[in-house]
Amino acid sequence: MESNLMNTLVSLLSEGEDVAVVTIVRSLGSTPRSPGAKMLVLADGRTFGSIGGGCGEADAVRGALELLDQKKHGRLRLEMTSDLAAGDGMICGGVMEIFVDWIQHTDEGNQEILAACRDSLAGSGNIVLATVTGPDDGALLGQKMLFLPGGREVGSLGAPDVTEQARCLAAGTGAQIKPRLVEVSGEAGNKVEVFLEPSVVAPHLLILGAGHISRPLVKLASILGYTTTVVDDRPAFANTARFPEATQVVCRYFEQFLENAEVGPGTFVVIVTRGHQHDLECLREMIGKPASYIGMIGSRRKVRAVFDQLAAEGVPADRLKEVHSPIGLKIGSETPEEIALSILAEVVQVWRRPGV
């Protein structure tokens, strides 16, 4: 589950709301979203998040409202046929299997699990949330358990054998692995379905340079729910008045900041400084870091000059090939806003489709 939606869920429960958590657990064919996509549904019809929109989502909301009224969990099967989707201009043709998790605001056990999940996501923790999603009439339905780093656990799946099998499977599910539906053996050999969801932490954009492209880049990133850090050594540029949507604005020399900067798989580095030498400094510091994405703006001539300099310093060619430069997807962008859009489009592509 993504951190923003988890924050919303925990807040709603603390406010006394019962919530139906709608999760895609299996998809076949062409569907608007993949397993793991979630939506929150309240008894008054309010929703948060999306499983793809259109009439398929409308059917899911109706089913969730019925289960909320009945105070129980349930499974739904949505056939996204051409006839069904045509009314919303969508042609999908696939099938989505959905689990509706009825969560009572008075359930302290679930509140503890979900709060621990929220806190771990906020700290970029590598966690796995396990939920029993089948069979539909099973006594364990809706039981959940959170597997945390260092072997720590919160909750239980309600049966020792089911919990142990889920524990073993979760141990092999890293933060970059997609959610998956697994089948384990319950009491007397009956089959139990468990949905394993690794942590999904939204990208953190480390934007090096506070010029004209960075402003729309921060604005668009905030809409997507990404955290952003803007770094520049010019006080007139690196300030919160110029970047009100930024998570952090740092006014320091690039090399000084980057020397001790924390960079990991959730970091997406965008180099958009004001000059060739600063670009070189930033890329030199970042090229060996474990960031998921490093992009650098510039003409092909400038990029080649930077790459040649780093190659002469001993940076391996395969490292340089990993740098996205010229930065952004090729969409014919010209204005700062269009360039920012192309950069974020590339970030989304890398984040959502690792290895692209």
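The values are calculated or read from the model by the stated rules, or taken from the named source; none is laboratory data. All values derive from a computational prediction rather than experimental measurement. Virtual Cβ from ideal backbone geometry, glycine too; neighbours counted across all protein chains shown. Calculation scope for accessible area: heavy atoms of the full protein, side chains included, ligands and nucleic acids excluded. Shrake-Rupley method; radii C 1.70, N 1.55, O 1.52, S 1.80 Å.
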Taking the residues in region 252-276 that are without any contact (Cβ under 8 Å) to a residue 40 or more places away in the chain and closer than 18 Å to Ile213 by Cβ as candidates, determine which candidate is most open to solvent (accessible area, probe 1.4 Å). His276
Take the residues of region 239-251 that are surrounded by fewer than 19 Cβ atoms within 10 Å (Cβ to Cβ) and aliphatic (A, V, I, L, M): which is nearest to Tyr226 (Cα to Cα)? Val250
Name the pairs whose Cβ atoms lie under 8 Å apart, with the first residue in region 146-173 and open to solvent by 40 Å² or more (accessible area, probe 1.4 Å), the second among the acidic types (Asp, Glu) and part of a helix (DSSP H, G or I), and 6 or more positions between them or separate chains? Gly155/Glu112; Asp161/Glu187
Just one of the numbered conditions (1) open to solvent by 40 Å² or more (accessible area, probe 1.4 Å); (2) out of contact with any His (no Cβ under 9 Å at 6 or more places or on another chain) is not true of Thr227; which one? (2)
Ala291 fails exactly one of the following numbered conditions: (1) within 19 Å of Thr228 (Cβ to Cβ); (2) open to solvent by 50 Å² or more (accessible area, probe 1.4 Å). What is the number of that condition? (2)
Looking only at region 1-53, filter to residues that are open to solvent by 50 Å² or more (accessible area, probe 1.4 Å) and assigned to a strand (DSSP E or B); which one of those is farthest from Glu197 (Cα to Cα)? Thr47
Whether any residue in region 294-304 is surrounded by 13 or more Cβ atoms within 10 Å (Cβ to Cβ), of a type outside the set (Phe, Trp, Tyr), closer than 30 Å to Arg33 by Cβ and out of contact with any Lys or Arg (no Cβ under 7 Å at 6 or more places or on another chain) is what I want to check. yes
Test Val192 against the criterion of being of a type in the set (Val, Ile, Thr) and either assigned to a helix (DSSP H, G or I) or modelled with pLDDT of 95 or more (or both), and give yes or no. no
